[in-house]
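Here's the structure, in structure tokens; my notes come after.
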Amino acid sequence: MAPVTSARRWSMTGGMVFGRYRGDEPTESPAIPAPSQVVLPVGIPSPDLLVREGDSVCAGQPLVPPSRILPRHFHLASVSGTVAAFIPHGKGMRAPVSVVLNRSPGDEHCGERFAMPSDPEAARQVLVRSGAVHGCPPDAARWLLQPRAAPVTALLVACFASGPLEPRRLRLAACESSHLREGLALWRSAVGGSPVVLMVAEDEAAAWRAMGAGPGETTVHPCPRRYPAEHPQMLASRHLRHDLPGGSLPLDRGLLVIDLLAVCAAGQVAATGEALRETTVDLVGQGAVRPVTLRARIGTRAADLFKRFVVDPPPLFVGGGLLAGERLGPESPVLPHQGTIVALRAPTRRFLSFMSPAVRRPSWTRAALSSFLPPRSLEARAEVGGELRPCISCGACEEVCPRGISPSHLARLAEGGFVEEMIQYGIDRCIECGLCSYVCPSKIELMAALRRGIEAVAREQVA
Amino acid sequence: MKPLRTLMDAMLARWGKGPIAPVIEALDFFLFGPSTVPAGPPHVRDVIDVKRFMWWAIMGLVPPFLGAVYFFGPRVLLMVLVSYVAGAVVEVAFSILRREPIAEGLLVTGLIFPLTLPVETPLWMVAMGAMFGVFFGKEVFGGTGHNIMNPALVGRAFLFLSFPRAMSSGWVIPGEGALGGDATTGATPLLTAKLAHAAGGSASDAVRQAMGSDWCALLWTKGPDAIGATSAVLCLLGGIIVVVTRVANWRIPAAVVGTVMVVGGLLHAAAPQVFMPVPFQLIAGGLLYGAFFMATDPVSGPVYNDARWAYGVGIGLLVLVIRALSGFPEGVMFAILLMNLVAPLLDQGSRSMRARRWRRG
């Protein structure tokens, strides 16, 4: 690998260090057969699709016209088979749909084949048409899809995750090491040969350097494992060594931020020359019998994928991170770059729980003994853990906020609909990391209120 | 715990929808906590909730409380009990009237308030102070989380201004009367020093007269004072508990004590006949108790860290000024109450400064 930069420091205020949780590191990767049926949310209405009910499709075949590809939806058949049904998401003819495919035997790929491109535009087209665009961070996906993209001066790759129950990405990189170099080369080609910076956790920097994964001008930049240090805004701030202003995106400064999963997806395409059909999913948490890494066909239902690996009664599934991700239903399909799915157990009522020493439950306030004990595996349950109360102005949300805003004050403004004041006090700095809601002792849904505030500001600005 | 759970379920079924529903629900959640699943992200939450928060505030008050029982005897227990019952009457009445859950703030107010009183305070006065504090200090503003002043201090200020004779003559010398012997009353060290100083003595002489010269012994117990503030060591111990657990923000007591040490030291050097020496300022009176347990009340204090520094400095300065220049021997209570009123302004200033900094880039 190319020379390593010196560790440049950007002082991140706020944030939170999460300890190790029980069952956060998968140790086995059992083989998963392709499911008999997959569900692919394509994001456009059925009349605009390239296929009709009863059509035969083959793996890798596009389901939507290239001009209608959307960043958060998948547009390729991930199995060969027949179109069984369309599931509408909403009412009316123009409601976006999911395509249900019944798999047929002989599941060979027959879609477009991709070669390593020679110029940036061709590389970008490969990333889009192969399905590698789906599940990228929103900015990166938009950059890939828009015809006249902004110039990129550096490609930042988030190679760590610092939230609770997030497995170490180093293991993923080791599993995918054969594809990693090709993936980075494909992305680097797409950004016109700009330098690639691997943003890694401080405790893994040496291992990343030793791995030597990157092509050409690739450097390693150690970051603190402090949530949400891996957020694109925070990574860009660290790279630039100054705070990114509110409303400003990394791309405005010429930085394209992607995560390691996007690199792995590109690597898979580059190595096989075929469209994306599979994705890697880590199943962790106390709702899982044991933590596992699964190689799943895109569109596999969560219930089908996990039925062998979860405890009874079925737990709650959360994808995209425990703090800012979304809950998945049993019918939710596995999508590209799914990353980690956490299986959480339901809450239990405990006698005088507020007096418990909490040796396995973490607390930012240190009002839990776990804060003073040696590192041990912590527990996470899907529970609020207290009653909703009026804000007691403890300032915890204010202290953990990595963007320096006052979530409690902005939430009050959002509830009152004070748009000008919200802008004045920096609501556009919010990166929706969820830490404010996490630490709030009054159990106020601060992040939800801030999201409503952000939407209100956006509505006002459009009007 | 199954029989208790069954009993609670039966009570909820019987009274869960009626006028006393807040009481039944409060009891249910007090014993077993809620089992709510987060409606949206984040899907896991910090173990801290308001009950745990208040529980650790009470843990911080345990050393001064136990010290008070040790120094002044079982009457302290009676005072705390009366304070809790009287405060709870107001709190529960408002919860039923408003059909809102019973808030946990009373758990701390009920304990922190009687520890600010002299041990000889009549129990009816304790009850009246607690009720006044909860009613006018908290409930009329909308309940826990909405009050602008510390309810315990509002109650104490009410007693102090309404019953000045009782509030200045019930000071018992620690250790005397604790085990049923005859209690000897005396003036607080601050009052003794103030009187000696008013009689024409220098500040240093007044301090010697008030407290003697064995400063180490004075750290343990310093003479007649508010029952919770008698021992500086125990106040510090409790203060460490609330600061380490982050139930109290360390910046406020640091700013209060730092200001009294630095500015008080300078003022004493400049005008020793007016301003008492720093060790006396720190140990005598309720400075440490107020700095760790009263000024750090999150609801009535500022939210921002820079505002907290200013708030603490303001309290320290006001304490120095009131003690030296006003007719009152002690200034901690009024200093905190006055700064409670200024706290929203400090927060607003802090917010505006940040907004300006962001606009400048």
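The values are calculated or read from the model by the stated rules, or taken from the named source; none is laboratory data. All figures in this text were calculated on a predicted structure; none of them were measured in a lab. Here the Cβ is made from the backbone with ideal geometry for all residues, glycine too, and neighbour counts use every protein chain on show. Note: areas computed on protein heavy atoms with side chains; ligands, DNA, RNA excluded. Shrake-Rupley method; radii C 1.70, N 1.55, O 1.52, S 1.80 Å.
List the number of the failed condition for B:Met59; all other conditions in (1) out of contact with any helix residue (DSSP H, G or I) (no Cβ under 6 Å at 6 or more places or on another chain); (2) assigned to a helix (DSSP H, G or I) hold.
Single failed check for B:Met59: (1).
Checking A:Ile405 against (1) surrounded by 24 or more Cβ atoms within 10 Å (Cβ to Cβ); (2) in contact with a Leu (Cβ under 9 Å, 6 or more places away or on another chain); (3) within 7 Å of chain B (Cβ to nearest Cβ): exactly one of these is not met. Which one?
(3)
Would you call A:Gly404 under 24 Å from the mean Cα position of the chain (by Cα) and part of a loop (DSSP other than H, G, I, E, B)?
Yes, satisfied.
Could you list, ordered by first residue, the pairs with Cβ atoms under 6 Å in which the first is in the stretch B:264-288 and under 19 Å from B:Leu234 (Cβ atoms) and the second is open to solvent by less than 20 Å² (accessible area, probe 1.4 Å) and at pLDDT 85 or above, at least 6 apart or interchain?
Short answer, once both residue conditions are applied: B:Gln281/B:Val260; B:Gln281/B:Gly264; B:Ile283/B:Ala232; B:Gly286/B:Ala229; B:Gly286/B:Val332; B:Leu287/B:Val332; B:Leu288/B:Ala232; B:Leu288/B:Cys235.
Please enumerate the residues belonging to the stretch B:215-235 that are open to solvent by 20 Å² or more (accessible area, probe 1.4 Å) and under 15 Å from the mean Cα position of the chain (by Cα).
We begin by selecting, within the stretch B:215-235, every residue open to solvent by 20 Å² or more (accessible area, probe 1.4 Å); these are B:215-217, B:219-221, B:233-234.
Once the filter is applied, which keeps residues that are open to solvent by 20 Å² or more (accessible area, probe 1.4 Å) and under 15 Å from the mean Cα position of the chain (by Cα), the stretch B:215-235 yields only B:Leu234.
Open to solvent by less than 70 Å² (accessible area, probe 1.4 Å), at pLDDT 90 or above and part of a loop (DSSP other than H, G, I, E, B): is that true of A:Ser98 in this structure?
no
Any idea which residue in the stretch A:258-269 is farthest from A:Cys159 (Cα to Cα), counting only those that are open to solvent by less than 10 Å² (accessible area, probe 1.4 Å) and among the aliphatic types (A, V, I, L, M)?
Within the stretch A:258-269, the match that is farthest from A:Cys159 (Cα to Cα) is A:Val269.
So which residues in the stretch B:287-303 are more than 9 Å from chain A (Cβ to nearest Cβ) and of a type in the set (Gly, Ala, Ser), if there are any at all?
The answer is B:Gly290, B:Ala291, B:Ala295.
If you take the residues of the stretch A:393-402 that are under 27 Å from A:Ala229 (Cβ atoms) and not hydrophobic (A, V, I, L, M, F, W, C), which of them is most open to solvent (accessible area, probe 1.4 Å)?
A:Glu399
Which condition breaks for A:Pro390 when tested against (1) open to solvent by 30 Å² or more (accessible area, probe 1.4 Å); (2) within 7 Å of chain B (Cβ to nearest Cβ); (3) without any contact (Cβ under 8 Å) to a residue 40 or more places away in the chain?
The number of the failed condition is (3).
Any chance you could count how many residues in the stretch B:15-33 are within 7 Å of chain A (Cβ to nearest Cβ) and open to solvent by 20 Å² or more (accessible area, probe 1.4 Å)?
The number of residues fulfilling the criteria is 2.
Which residues, taken from the stretch B:236-256, are open to solvent by 20 Å² or more (accessible area, probe 1.4 Å), closer than 16 Å to B:Leu66 by Cα and away from chain A (no Cβ under 14 Å)?
Listed by number, the residues that qualify are B:Leu236, B:Leu237.
Restricting attention to the stretch B:304-347, and to residues there that are among the acidic types (Asp, Glu) and open to solvent by 20 Å² or more (accessible area, probe 1.4 Å), which single residue is nearest to the other protein chains (Cβ to nearest Cβ)? Full working, then the answer.
Step one: list which residues in the stretch B:304-347 are among the acidic types (Asp, Glu), which gives B:306, B:330, B:347.
From what is left, the residues that are open to solvent by 20 Å² or more (accessible area, probe 1.4 Å) are B:306, B:330.
Values: B:Asp306: 11, B:Glu330: 27 Å.
Per the stated criteria, the residue is B:Asp306.
Within the bounds of the stretch A:410-425, is there any residue that is facing chain B (nearest Cβ under 9 Å), buried (at least 19 other Cβ atoms within 10 Å of the Cβ), modelled with pLDDT under 95 and within 30 Å of B:Ser350 (Cα to Cα)?
Going residue by residue through the stretch A:410-425, those that are facing chain B (nearest Cβ under 9 Å) are A:424-425.
Those still in the list that are buried (at least 19 other Cβ atoms within 10 Å of the Cβ) too: A:425.
Among the residues that remain, those that are also modelled with pLDDT under 95 are: A:425.
Okay, now just the ones that are also within 30 Å of B:Ser350 (Cα to Cα), so A:425.
Checked the stretch A:410-425: at least one residue is facing chain B (nearest Cβ under 9 Å), buried (at least 19 other Cβ atoms within 10 Å of the Cβ), modelled with pLDDT under 95 and within 30 Å of B:Ser350 (Cα to Cα).
Those residues that are in a helix (DSSP H, G or I) and surrounded by fewer than 24 Cβ atoms within 10 Å (Cβ to Cβ), I need them from the stretch A:270-284; list them, please.
Within the stretch A:270-284, A:Ala271, A:Thr272 meet the criteria.
If you go through the stretch A:108-131 one residue at a time, do you hit one that is assigned to a helix (DSSP H, G or I) and of a type in the set (Asp, Glu)? Spell out how you get there, then give the answer.
Just the residues of the stretch A:108-131 that are assigned to a helix (DSSP H, G or I), to begin with: A:120-129.
Cutting the leftovers down to of a type in the set (Asp, Glu) gives us A:121.
Looking through the stretch A:108-131, at least one residue is assigned to a helix (DSSP H, G or I) and of a type in the set (Asp, Glu).
Yes/no matrix, rows are residues, columns are (1) within 8 Å of another protein chain (Cβ to nearest Cβ); (2) assigned to a loop (DSSP other than H, G, I, E, B); (3) touching a Lys or Arg at 6+ places or on another chain (Cβ under 8 Å); (4) crowded, with 18+ Cβ neighbours inside 10 Å:
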{"residue": "A:Gly299", "(1), (2), (3), (4)": "no, yes, no, yes"}
{"residue": "A:Asp304", "(1), (2), (3), (4)": "no, no, no, yes"}
{"residue": "A:Phe317", "(1), (2), (3), (4)": "no, no, yes, yes"}
{"residue": "A:Leu322", "(1), (2), (3), (4)": "yes, yes, no, yes"}
{"residue": "A:Arg350", "(1), (2), (3), (4)": "yes, yes, no, no"}
{"residue": "A:Pro357", "(1), (2), (3), (4)": "no, yes, no, no"}
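Of everything in the stretch B:273-328, what is closer than 22 Å to B:Ser352 by Cα and in a loop (DSSP other than H, G, I, E, B)? Give them in sequence order.
The answer is B:Pro298, B:Val299, B:Ser300, B:Gly301, B:Pro302, B:Val303, B:Tyr304.
Of everything in the stretch A:371-386, what is open to solvent by less than 20 Å² (accessible area, probe 1.4 Å) and either in contact (Cβ under 8 Å) with a residue 60 or more places away in the chain or of a type in the set (D, E, K, R) (or both)? Give them in sequence order.
A:Leu378, A:Ala380, A:Ala382, A:Glu383
Restricting attention to the stretch B:130-150, does a residue exist that is touching a Gly at 6+ places or on another chain (Cβ under 8 Å) and among the hydroxyl-bearing types (Ser, Thr, Tyr)?
Yes: the stretch B:130-150 contains one or more residues that are touching a Gly at 6+ places or on another chain (Cβ under 8 Å) and among the hydroxyl-bearing types (Ser, Thr, Tyr).
Taking the stretch B:44-59, which residues are facing chain A (nearest Cβ under 7 Å), touching an Asp or Glu at 6+ places or on another chain (Cβ under 9 Å) and not β-branched (Val, Ile, Thr)? Reasoning before the result, please.
If we filter the stretch B:44-59 for residues that are facing chain A (nearest Cβ under 7 Å), which is where we start, we get B:44-53, B:55-56.
The next check asks that each one be touching an Asp or Glu at 6+ places or on another chain (Cβ under 9 Å); those that pass are B:44-45, B:49-51, B:53, B:55.
Correct list: B:Arg45, B:Asp49, B:Lys51, B:Phe53, B:Trp55.
Take the conditions in contact with a Gly (Cβ under 6 Å, 6 or more places away or on another chain) and free of Cβ contacts under 8 Å to residues at least 40 places away in the same chain and apply them to A:Ser353. Does it pass?
yes
Determine which member of the set A:Arg181, A:Arg188, A:Arg209, A:Arg171 is out of contact with any helix residue (DSSP H, G or I) (no Cβ under 7 Å at 6 or more places or on another chain), open to solvent by 10 Å² or more (accessible area, probe 1.4 Å), closer than 22 Å to A:Val281 by Cβ and part of a helix (DSSP H, G or I).
So the residue among A:Arg181, A:Arg188, A:Arg209, A:Arg171 that is out of contact with any helix residue (DSSP H, G or I) (no Cβ under 7 Å at 6 or more places or on another chain), open to solvent by 10 Å² or more (accessible area, probe 1.4 Å), closer than 22 Å to A:Val281 by Cβ and part of a helix (DSSP H, G or I) is A:Arg171.
Residue by residue through the stretch A:359-370, note down the ones that are open to solvent by 60 Å² or more (accessible area, probe 1.4 Å) and at the interface with chain B (Cβ under 7 Å from one of its Cβ atoms).
Passing the criteria: only A:Arg366.
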